[in-house]
1. Which of the following residues is small (Gly, Ala, Ser) and surrounded by 23 or more Cβ atoms within 10 Å (Cβ to Cβ): Ala63, Ala104?
2. Under 9 Å between Cβ atoms, at least 6 apart or on separate chains: pull out the pairs that start in the stretch 432-445 with a residue that is without any contact (Cβ under 8 Å) to a residue 40 or more places away in the chain and over 10 Å from Ala410 (Cβ atoms) and end on any residue that is among the acidic types (Asp, Glu) and surrounded by fewer than 18 Cβ atoms within 10 Å (Cβ to Cβ).
3. Quick one: which residue in Glu320, Glu244, Glu309 is out of contact with any Leu (no Cβ under 7 Å at 6 or more places or on another chain), in a loop (DSSP other than H, G, I, E, B) and not hydrophobic (A, V, I, L, M, F, W, C)?
4. Can you tell me which of Ala288, Ala310, Ala316, Ala274 is within 14 Å of the ligand (Cβ to nearest atom) and either acidic (Asp, Glu) or over 19 Å from Asp342 (Cα atoms) (or both)?
5. Just for strands (runs of 3 or more DSSP E) wholly inside the stretch 33-124: which have at least 2 residues that are within 16 Å of the ligand (Cβ to nearest atom) and closer than 30 Å to Arg304 by Cβ?
6. If the requirement is being within 16 Å of the ligand (Cβ to nearest atom) and out of contact with any helix residue (DSSP H, G or I) (no Cβ under 8 Å at 6 or more places or on another chain), which of these qualifies: Ala233, Ala208, Ala248?
7. Quick one: would you say Glu261 is outside the structural domain of Leu419 (by TED's automatic domain parsing), within 20 Å of Glu357 (Cα to Cα) and among the acidic types (Asp, Glu)?
8. Give the stretch 140-197 a look and list any residue that's part of a helix (DSSP H, G or I) and under 22 Å from the mean Cα position of the chain (by Cα), or say none.
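The values are calculated or read from the model by the stated rules, or taken from the named source; none is laboratory data. Remember, predicted model here, so these are calculated numbers, not experimental data. Here the Cβ positions follow ideal geometry from the backbone for every residue, glycine too, while neighbour counts run over all protein chains shown.
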Amino acid sequence: MTPTMTAPALRATDLEAHWMPFTPNKAFKQAPRLLTSAKGVHYTNADGQQVLDGASGLWCVNAGHGREEIVQAMADAARTLDYAPGGFQLGHPLGFEAAKRVAALAPGDLDHVFFTNSGSESVDTALKIALAYWQSVGQPERVRFVGRLKGYHGVGFGGISVGGIEPNRRAYARQLLPHVDHLPHTHELAENWFSRGQPAHGAHLADALEAVIAKHGGGTIAAVIVEPVSGSAGVLVPPVGYLERLRAICDAHGILLIFDEVITGFGRVGTTFAAERFGVTPDLMTIAKGLTNGTVPMGAVIARGKIYEAVVNAAASGIEFFHGYTYSAHPMACAAAIATMDIHAREGLAARSRATEGHFEQAIHSLRGFPNVRDVRNFGLMGAVELEPREGKPGARGLDVHIDCFWKGALVRITGDTLAIAPPLVISREQIDQLVDILGAAIKRAA
Ligand SMILES: Cc1ncc(COP(=O)(O)O)c(C=O)c1O
């Protein structure tokens with residue numbers, strides 16, 4: 001069926017009803033950037049131009065756009081079982097199969113999967129699981145969470161409370177979760193300019209957790225949550241030894257460690273999950289985005305067996321964990337996830353991303369020395385180019401570059417004046433060069 005409004009015919013009034021997330025609505029609707037179709041590593045915009053997708057949509061289309069196999073699996077699922085609860089005292093085979101497949105991919109004994117519909121829901125679910133776990137094992141006084149400055153964990157009240165991106169918290173600051181501390185971020189530019197891969201300096205920043213423990217007592221802390229590589233704050237790569245140190249401190253004080261792998265999961269950093277690449281296994285892991293290749297909303301929390309067992313065994317009878325969503329393990333999402341995991345396995349996408357990362361690194365670091373470029377950094381197929389802000393106008397230069405790139409045929413993400421690049425893992429070397437050429441030219445024009 002054709003949509004009633006085709007993009008080229010959209011007028012300003014047609015755009016009014018849609019209150020767009022994380023967008024300056026008024027400015028955007030004056031000059032909208034609309035995407036109408038996608039295939040491979042390209043979008044087509046409303047003017048019919050090809051736009052090279054340097055952002056995997058929103059860090060999610062890791063296997064590239066328009067994968068027929070996923071579309072087919074979703075269509076089959078929708079036709080066969082349009083909806084069935086994946087919980088609430090009912091289940092369906094696709095939910096169990098999808099969970100088994102996700103558990104098989106996860107490292108260590110992360111082997112139980114609770115489905116959600118987004119990264120934000122995964123984060124809030126993980127925080128609740130942590131609290132439920134401590135209740136179950138007789139340590140209900142462990143209620144504190146520790147997040148990190150510049151951390152992004154979605155937009156639920158839990159996520160913004162543990163998150164550390166100031167504008168996302170400001171309007172709600174009086175109603176955030178209590179008992180939350182934040183570690184310092186690891187964006188130490190003075191020491192780590194133009195780092196390639198993990199920066200050398202900054203493992204000691206994990207020791208700030210010791211200070212939080214000294215202040216409140218380790219026995220009051222339920223969990224620490226971090227992104228192994230911060231994505232939304234502009235690709236902040238953990239310093240060598242940092243995650244290992246966080247893990248060791250958590251272990252010493254019995255604190256659960258949550259890795260938010262919503263962006264880093266599904267091959268983005270050259271292994272299925274960043275936990276594998278860094279050799280650090282968390283107790284809970286949140287995922288979303290790449291799980292269904294962005295085709296349909298789905299997220300999950302992957303929990304260690306001991307956490308699941310503790311919560312389930314602690315309940316005398318009846319429901320053990322009072323939490324869930326109508327669309328947890330939605331049949332169509334499960335089908336999409338299974339088809340996505342099939343593609344990853346068959347095409348070895350994590351290995352492919354690993355094989356491409358060296359070229360990616362060279363390409364984006366070629367922008368060093370361009371006007372106003374104050375840093376370039378990368379890890380796996382995630383990279384960032386940080387620009388000097390314009391005097392008194394933070395974010396303006398970044399936005400100009402983003403918009404310019406779009407009209408010149410490349411999509412890159414912006415966070416303030418930082419451009420983030422995270423192409424589909426199937427991107428070719430030539431396409432990476434093309435992307436960086438478009439970005440470089442836009443950076444020069446914005447000078
Ligand atoms: C690390 C991380 N956690 C959580 C989220 C929130 O995911 P969603 O937008 O699907 O709620 C994001 C989104 O970018 C993310 O990067």
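1. Ala63
2. Qualifying pairs under 9 Å: none.
3. Glu320
4. Ala274
5. On the way: elements: 35-39, 42-45, 50-53, 110-116.
In the stretch 33-124, 110-116 are the strands (runs of 3 or more DSSP E) which contain 2 or more residues that are within 16 Å of the ligand (Cβ to nearest atom) and closer than 30 Å to Arg304 by Cβ.
6. Ala233
7. yes
8. Within the stretch 140-197, Phe157, Gly158, Gly159, Ile160, Ser161, Val162, Glu166, Pro167, Asn168, Arg169, Arg170 meet the criteria.
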